[in-house]
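Accompanying notes for the structure given below.
Read-outs throughout are calculated quantities, based only on the coordinates presented, and are distinct from any laboratory measurement. Because the structure is predicted, anything quoted here is derived from the model rather than measured. Cβ: placed from backbone, ideal geometry, glycine included. Neighbour counts: every protein chain shown.
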């Protein structure tokens with residue numbers, strides 16, 4: 001008998017509670033078409049059964065298997081046999097969660113372009129570059145989501161040099177493969193400390209579906225965006241270049257995140273009003289307050305839909321996130337924002 005080899009199971013379109021013939025239990029594994037399991041995918045919601053699963057489809061698909069502990073991982077032992085016997089119970093989730101460790105090829109290419117331009121300007125002064133946002137959290141929707149990238153410099157960027165850094169990054173947005181780029185550069189000292197304010201060096205937004213916005217003065221920006229992004233970077237950031245994100249970005253306390261999310265709810269009520277971002281940021285914040293899970297916006301929507309009486313509001317926001325037409329009722333959005341703000345305050 002050969003030595004068992006670890007194989008990761010890829011997140012995909014279905015949630016599966018499964019037990020392999022080898023005796024390995026997968027509490028809530030996700031399978032996908034990419035894993036070549038059409039028989040499994042054809043099963044209806046709530047079905048049970050047994051299926052023979054070839055070993056080969058798993059060899060080239062890395063992923064994380066979720067369990068009750070958000071940070072835990074499960075690696076399956078592939079036995080020396082032509083297939084596994086998989087007994088399963090499955091249900092269709094409300095939204096698809098991508099594997100956060102599997103980045104689309106076009107995003108990988110674009111991330112490499114951003115790194116190259118930063119290296120041209122900063123040289124050895126560039127410590128690391130990381131995906132955050134929907135790419136890191138598994139909620140990326142091609143053509144609709146932004147590419148969120150944060151970078152870290154070894155030192156503060158001189159004021160006279162900031163425009164050149166911003167111009168180099170903005171120049172890459174012409175080839176951005178999705179809606180646009182949201183980019184923030186921090187210096188190492190700031191990234192490695194608990195967040196107090198926005199405290200960035202350079203902030204650049206732009207792309208095919210996003211207006212050009214360059215900000216070089218962090219004092220003019222609301223801090224909550226950057227507190228949340230740095231928390232995501234520490235917990236889930238994916239390195240394009242440099243050390244692991246958790247080694248570079250300090251942990252953001254629960255109290256600091258709750259405060260930032262309270263500010264976010266108030267800002268959305270005043271500025272965003274009835275938009276998909278108001279709804280999806282609210283549902284993600286609500287889930288964080290209840291379960292201490294900082295997931296994607298779409299995961300937050302799936303979680304909230306099971307708890308909010310007006311499911312049509314959540315459905316409309318998700319439709320808009322996927323580029324489908326839908327209408328949001330401003331009064332209903334405000335009711336949700338008010339509820340989430342109260343929950344966040346009570347959770348402190």
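Modelled this way, with points 7 Å down the Cα-to-C-beta line, the labels at residue 312 and residue 346 are 2.6 nm from one another.
A Förster distance of 35 Å, applied to the separation of the beta-carbon atoms of residue 113 and residue 326, puts the FRET efficiency at 0.55. The overall shape of segment 105-248 is rounded: from the C-alpha gyration tensor, with semi-axes ordered a ≥ b ≥ c, the ratio a/c is less than 1.5. Using a cutoff of 8 angstrom between alpha carbon atoms and counting only pairs six or more residues apart, the relative contact order for segment 254-347 works out to 40 percent.
Each Cα pair under 8 Å and six or more residues apart adds its sequence gap; the mean of these over the residue count of segment 105-248 is a relative contact order of 27 percent. As a calculated quantity, the FRET efficiency between residue 155 and residue 244 at R0 = 30 Å, using C-beta atoms, amounts to about 0.90.
Peptide packing for 332-343, 134-145 was compared via the average number of neighbouring C-beta atoms within 10 Å per residue; ordered from the highest value, the list is 134-145, 332-343.
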